[in-house]
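The values are calculated or read from the model by the stated rules, or taken from the named source; none is laboratory data. Worth saying up front: this structure is predicted, and the values here are computed from it rather than measured. When we count neighbours, we look across all protein chains shown, and the Cβ atoms used for this are built from the backbone with ideal geometry, even at glycine.
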């Protein structure tokens, strides 16, 4: 599964230095995953089990070689570097290092791993 939403997500725009709640975004962000004010990519601070990840969401056409894609499903999860991307009839074929080939539709967003975070050492308000 590639279009995976984490148990708890906090949306943050580093350009505007502003945090958004799901209610403030009114789910309109899901169409593009951009800040509603400046249109830059949102950073998503995610809590999922014991993991604390920072991801951005992109559609296949916006992926660039070297992006690190977070893959989840079937008892497996991991982060794999995008080595190649080809347009195919159904969407895109992605070649991921140490994972192999995945086919995705053009409207399927993916989690791009940006790093990890410490809830005790961040300006993200985890109480909203």
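Table for the structure above
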item	result
Hits in the stretch 102-114 - residues which are in a strand (DSSP E or B) and at pLDDT 90 or above	103, 104, 105, 110, 111, 112, 113, 114
Among residues of the stretch 34-51, those that are assigned to a strand (DSSP E or B) and surrounded by fewer than 17 Cβ atoms within 10 Å (Cβ to Cβ), counted	4
Test: residue in the stretch 77-91 that is touching a strand residue (DSSP E or B) at 6+ places or on another chain (Cβ under 6 Å), in a strand (DSSP E or B), surrounded by fewer than 13 Cβ atoms within 10 Å (Cβ to Cβ) and modelled with pLDDT of 90 or more	yes
Search result, residues across the stretch 45-74 that are within 20 Å of residue 13 (Cβ to Cβ) and without any contact (Cβ under 8 Å) to a residue 24 or more places away in the chain	62
Filter result (at pLDDT 85 or above and assigned to a strand (DSSP E or B)) within the stretch 10-27	10, 11, 12, 13, 18, 19
Some residue of the stretch 52-71 being in a strand (DSSP E or B) and at pLDDT below 85	no
